[in-house]
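Enquirer: Before I ask anything, here is the structure I am working with.
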Amino acid sequence: MNSSPRAGWLALPYGLWLLAAFAAPLGAVALLSVQESSEMFAPLSLLPSGAQYAELLGDRFYVRVFLNTIWLGLGVAAASTFLAYPLALWLTRLPPRWKPVGFAVVLVPLLTNVVVRSLGIILLLAPRGIVSGIGQFFGLPPSNLLFGWFAVGLALTQVFLPYMVLALYDVLDGQDKRLEEAAAGLGAGPAMRFLRVILPLSLPGLRAGLTVTFLMASTAYVSATLVGGRKVWVSGMVVLKEGMEILNYPLAAALAMMMLGASVVVTILIGRAIGFLTPWVTGRAPRFRLSLPPGLRRPLVAVAEAAAPVVSRFLLALAIGVLIFPLLLVAVASVNDSPQATVAQFVGFTWKWYGMVLQNERYLSDAWVSVKLALACVAISLAIALPASFALVRAGFRGREVLGAALMLPLALPGIAIGLGMLRLLQWFTALPPFMGVLAVHVVLVAPFMLALLRASVAGLDRTLEEAASGLGAPPARVFRKVILPQLGPGIAVACVIGFLLSFGEVTVTAFLTTARLQTLPVRIYAESTFSLENTVNAISTIFILMTVAMLILVNRFMPLDRVWKR
Amino acid sequence: MSIQTSRRALLAAAALAAPAIWGRDAVAQIRRGDELTVGIWGGAQERITRQFCATPLERQHGVKINYVLGGTPERRARAYAERGRPSFDLLYLNIFESRQAVKDGVTMASSANVPNFANLYDIAKIGGYAVAFNPVTIVYDRRKVAAPMTSWRDFWRDDLKGKVIWPTYPGAQGTSALLMAAKVWGGSESNIDPAFTNIARLRPFAAIQGSQDQLYGMFDQDVGAASVEFGSFTRKYAETRNPNIVIADPTEGQAIATNVACITTGTRNQALAEAFVNLHLSPECQAAYAEEIYYSPTIKNVSFAPELAAKLILGEAAVNKLVDFNWDLVIANQPRWSSRFTREIAG
């Protein structure tokens, strides 16, 4: 089983699914991007033209937006990394009873509506906001941090941080605690233990986290629109504007394809860099070793050890604050007797928004559709992503990194571009049963996340246990059930929770696919927000958060979120 | 005898009506079990039209009205992608989107098939059936300006320097703002340069807003002093949340904006769609819109209590005072202006 090329076939179901449900919209976008005419109703030409790409590359504005977007993605990935490590370590050290609550804290931003989250950022950064207030208390002039790159970066970090934390959680939880103890016994302080033991061993998880946060941040556009105040332009916004408002599909498609290309390159580079830093995974000798002269090393280590407790606590507090801030706003707003959703002032107390949600059968039936969709989506995604993750970790063929990047493609194409591609295919799509059609697309959007997380978990498996079981005569199926699955339990649970939430909350692509027969709850909320957001949205978010805590407690019962036997 | 007469009358009526019924094709009749698909915004829009249009039709004809809720961009993009074989029978667009859709063969022009068509103001008959006047005007925070704003030129006053929240282009508000700027600085739809030059002079903006909700959030947080927005819903906001906000009535006039019901070309439920629109144009439905969100009626045969009437655009004179534009030119220039706006104003 060690590095067998045959394991590559395990990626086949996943690949087939992508071919069936993703190749078509991607093909449509690719074909649109090589059209010479930007005319809406011009017949599609099969003769490729580089006109759209030439226009993009010849325009300094587009080039600047494109590069800024990539920088933004890298910045958000880096910021998430710094905040996620203390948080993920805190999560692994929580007593089992408190785990579900800890997870719920991490998941809060994913459960709150993007508009409400953005209102929170505005409240935080506005001239009369909290940060400015604290600054003024210390004698600084009033500051306006809103409507700029900082605000957009903060908004994106807030919502993508959970993915990074969960990607790191499983590899950190799976680490052999004796290694850290050994390092401590040999005199390493907390800073050195982190830098020399914990961090290197968690790099496969970091790869998953960096990939996911980069891809999501570089394709996001809603937060940038809401808190960037249109002074910040990212590629997704240009795709939306050219594609949806101006109806210039070819230009929008060409920009989306450029983003796709850049994302693939960055994904491969991240994979290469992590591979370079983890030579032991493939059994290679390290290519280089960072060493400082002893005279420099000793004071540096002393400073690091002295600073570590303060810095890690500060980062942990900051991360928790960033995550649960929206929760406070949402909970308060959900009982605010104001006709429009606002966080600026409390008008009066009321339960009426909850009443409106719970008595309105339309909300309930849409929520039920979303739940069914998300459950089916998670089941299928797990069934195709788990074998694929074994293929990526254990198959010993060349081009594994390229295959890995290819399987992440749906994340690299902005959701809005997938929507554009689907528009071209609507007449075929509407021939499918509505539930199946939307499900097929949701799996495409969710499976890459689950693959990224599961890949890190599979990489962390202790192979000696499998070899021991096989040596004692256990058939492969039994090895899988009795040895592999228990080790993967927390990883699978985390991946499923993320997958469920992603499908449950998806709106960008689903908004194009909604028909009279199938409407999801997020699309309903989005439709309401396009006119005016009411506090029912906040009531729904609060209910979701409570339900998530309940769900996590349940999951924890049947599939423990940590590895008890490792303690 | 009387039975005889009425039977004869019935036969005669049937004989007269037969050619009319057979002459119109199937789309022109409402049959039990028909399903109408309506693309519209959520929230108050869904509530009011369900109450006044969908439910009565479902009760009366045994039909089913399906709503596809969403934002205008998705709705419009889908209608374009499905031109000629639409999944929507009826969808709602803004003033220039609706006119463009008729030109592009995506939706149909209005016709007298809808009985309430006869009550529409002339300007509400173009590009489909306008169901609401929702004019765009100056809105500002009275605490943050030196004097009330009474002209579109007031945005360029010294006391507003750095405090203007400009609306993004191409939305309904951004389009009106751009065109009004052109107008007050000696330009027009065919000479847009003065608008861009002068709007650029307003930089730096306090912010650029992309929707009414976003603007209200900004007003809540004291981000800026004045912007360009729909007067209707902003009045609701001012009355319920922020009494410092003033809806101005500038001397040059408010810019026209409408919500338009558009029946798709190729729909198989034209008669049902027309019945839906007809109910939307009924005095009861129009009054509900006016009371709930201050949308002004597009029909002439509705009246209001003086207190509410003062907040609406009512009567031929008031409608004619709304500033109208050459929308064909506006549509034709949209890609170019959008690109300029992104580079010279936002960006």
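Enquirer: Limited to the range B:294-347, what total is found for residues that are assigned to a helix (DSSP H, G or I) and not acidic (Asp, Glu)?
Expert: Adding up the residues that qualify gives 26.
Enquirer: Okay, next question. With the requirement that a residue be buried (at least 19 other Cβ atoms within 10 Å of the Cβ), more than 12 Å from every other protein chain (Cβ to nearest Cβ) and free of Cβ contacts under 8 Å to residues at least 40 places away in the same chain, what does the range B:188-222 give you?
Expert: B:195
Enquirer: Cβ-Cβ distance below 6 Å, separation of 6 or more or different chains: which pairs start in the range B:235-249 with a residue that is more than 9 Å from chain A (Cβ to nearest Cβ) and touching a residue at least 60 places away in the same chain (Cβ under 8 Å) and end on one that is among the small types (Gly, Ala, Ser) and crowded, with 18+ Cβ neighbours inside 10 Å?
Expert: What qualifies is B:245/B:238; B:247/B:231.
Enquirer: Also, quick follow-up: Could you list all residues from the range A:237-276 that are in a helix (DSSP H, G or I) and closer than 18 Å to residue B:171 by Cα?
Expert: A:237, A:238, A:239, A:240, A:241, A:242, A:243, A:244, A:245
Enquirer: Given the options B:160, B:179, name the one that is under 21 Å from the mean Cα position of the chain (by Cα) and over 21 Å from residue A:237 (Cα atoms).
Expert: B:179
Enquirer: While we're looking at this one, here's another question. Does the range A:277-291 hold any residues that are assigned to a helix (DSSP H, G or I) and exposed (fewer than 13 other Cβ atoms within 10 Å of the Cβ), and which are they?
Expert: Of everything in the range A:277-291, just one residue is assigned to a helix (DSSP H, G or I) and exposed (fewer than 13 other Cβ atoms within 10 Å of the Cβ), namely A:280.
Enquirer: Which members of the range A:30-64 meet the condition of being out of contact with any helix residue (DSSP H, G or I) (no Cβ under 6 Å at 6 or more places or on another chain) and closer than 15 Å to residue A:232 by Cα?
Expert: A:63, A:64
Enquirer: Looking for whichever is under 26 Å from the mean Cα position of the chain (by Cα) and in a helix (DSSP H, G or I) here; the options are A:327, A:364, A:358. Which one fits?
Expert: Exactly one residue qualifies, and that residue is A:327.
Enquirer: Now for a different question. Looking for whichever is of a type in the set (Phe, Trp, Tyr), more than 22 Å from residue B:287 (Cα to Cα) and surrounded by fewer than 24 Cβ atoms within 10 Å (Cβ to Cβ) here; the options are B:88, B:96, B:117. Which one fits?
Expert: Only one candidate passes the filter, namely B:96.
Enquirer: Looking at A:541, A:503, A:532 in this structure, which one is within 30 Å of residue B:38 (Cβ to Cβ) and within 14 Å of chain B (Cβ to nearest Cβ)?
Expert: A:532
Enquirer: For the subset of the range B:311-336 comprising residues that are of a type in the set (Lys, Arg) and surrounded by 14 or more Cβ atoms within 10 Å (Cβ to Cβ), which member is farthest from residue B:48 (Cα to Cα)?
Expert: If we take residues in the range B:311-336 being of a type in the set (Lys, Arg) and surrounded by 14 or more Cβ atoms within 10 Å (Cβ to Cβ), then B:321 is farthest from residue B:48 (Cα to Cα).
Enquirer: Sticking with this structure for a sec: Sort through A:424, A:463, A:398 and tell me the only one that's at pLDDT below 85, within 27 Å of residue A:66 (Cα to Cα) and among the basic types (Lys, Arg).
Expert: Result of the check over A:424, A:463, A:398: A:424.
Enquirer: Filtering the range A:514-553 down to residues that are small (Gly, Ala, Ser) and part of a loop (DSSP other than H, G, I, E, B), which residue is surrounded by the most Cβ atoms within 10 Å (Cβ to Cβ)?
Expert: It comes out as A:532.
Enquirer: Follow-up. Given the criteria in contact (Cβ under 8 Å) with a residue 24 or more places away in the chain and in a loop (DSSP other than H, G, I, E, B), does residue A:396 qualify?
Expert: Yes; evaluated as a whole, the condition is true for this residue.
Enquirer: Please give the number of the condition residue A:246 fails out of (1) touching a Pro at 6+ places or on another chain (Cβ under 7 Å); (2) of a type in the set (Val, Ile, Thr); (3) away from chain B (no Cβ under 14 Å).
Expert: (3)
Enquirer: Out of the residues in the range B:320-344 that are without any contact (Cβ under 8 Å) to a residue 40 or more places away in the chain and charged (D, E, K, R), state the one that is farthest from the other protein chains (Cβ to nearest Cβ).
Expert: Looking at the filtered set, the residue picked out is B:336.
Enquirer: Every residue in the range A:512-562 that is charged (D, E, K, R), touching a helix residue (DSSP H, G or I) at 6+ places or on another chain (Cβ under 6 Å) and either at pLDDT below 80 or more than 28 Å from residue B:215 (Cβ to Cβ) (or both), please.
Expert: A:517, A:562
Enquirer: Being of a type in the set (Ser, Thr, Tyr) and either crowded, with 20+ Cβ neighbours inside 10 Å or at pLDDT 95 or above (or both) is the filter here, so list the residues in the range B:266-310 that pass it.
Expert: B:267, B:282, B:289, B:294, B:295, B:296, B:298
Enquirer: OK, next. Tally time: how many residues in the range A:241-262 are closer than 22 Å to residue A:507 by Cα, crowded, with 24+ Cβ neighbours inside 10 Å and touching a residue at least 60 places away in the same chain (Cβ under 8 Å)?
Expert: Summing the residues that are closer than 22 Å to residue A:507 by Cα, crowded, with 24+ Cβ neighbours inside 10 Å and touching a residue at least 60 places away in the same chain (Cβ under 8 Å) in the range A:241-262 gives 7.
Enquirer: Within the range A:125-141, can you find the residues that are in a helix (DSSP H, G or I) and surrounded by 22 or more Cβ atoms within 10 Å (Cβ to Cβ)?
Expert: A:125
Enquirer: Now for a separate question. Somewhere in the range B:49-67, is a residue at pLDDT 90 or above and assigned to a loop (DSSP other than H, G, I, E, B)?
Expert: yes
The values are calculated or read from the model by the stated rules, or taken from the named source; none is laboratory data. Quick caveat, the model's predicted, so the values are computed rather than measured. Using ideal geometry, Cβ is built from the backbone for each residue, glycine included, and neighbour counts are taken over all protein chains shown.
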